[in-house]
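What follows is one structure encoded as structure tokens, with my remarks underneath.
Derivation of every value follows stated rules applied to the coordinates shown; laboratory data play no part. Given the structure is predicted, the values throughout are model-derived calculations rather than measurements. Cβ placement follows ideal geometry from the backbone for every residue including glycine, while neighbour counts extend to all protein chains displayed.
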Amino acid sequence: MRSTAGFTIIELLWSTAITLGVTAAILGLSLRAQGTFQAQPEVSDMHQRLRVGIDALVKDLLMAGAGLPPGTVAPVTPARAGDADLGILYRADAISMLYVPWAAMTPASHTYYLDRDLTTNTPQLRYSDGAETDLPLVDHVVGLEFEYFDGDGAPLDPASLQDGPWVPDDPEVTTFDADLLRIRRVRVRLRVEAGLASMRGPSGALFTRGGTATAMERYVPDREIQFDVAPRNMNRDR
């Protein structure tokens, strides 16, 4: 004989609760996996932006002073007046280099500095040639810092690299601060952030600029790199 009895209310409630629990667990895992999947392209983009910034800075730092007259290295001011009088002030997030490009006759200026796009409020690493070109090079750069070292590896106070003495002793040519001859190595720190605010958590150690992310699996912390460059033209016998 077959039983015609059905399920009781308690059995139905228990089965429903178990089903909902299993479904919730599966959805939770899938949402975490989705957040991780969405974060990977942003991580790759951050690494690419770091590479672009590093390549540009290293290329020009290595060339600093190339092709200039003997004893001349990367002029920083166009006249003998003090930097403050010329409106040239030291900034830890900016650097200028001067060299003569291949097959060129006149020195070219190369300046990298940190700024912000006023329209989108996006921090940028920018490049300027001091004349016609002043363009963003890399977006979402939230940290840029330079340090200088002498031949013994001791750090140089940037204040000592300003306001002369000026060389060469010729008012008709571009002069530079003789203290620059002491530089043998430049240390660069470059930091980028996730381009999407939804991938950034509260501002702090992980995020220079906070975002809207509330789940850890969606966090893409800032990436920072530090590297040293020894300008080859500033490490010759001078």
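In terms of other Cβ atoms within 10 Å, Ile9, Ile95, Ile225, Ile18 run from fewest to most in the order Ile9, Ile18, Ile225, Ile95. The distance separating the Cα centre of the stretch 48-67 from that of the stretch 193-238 comes to 18 Å.
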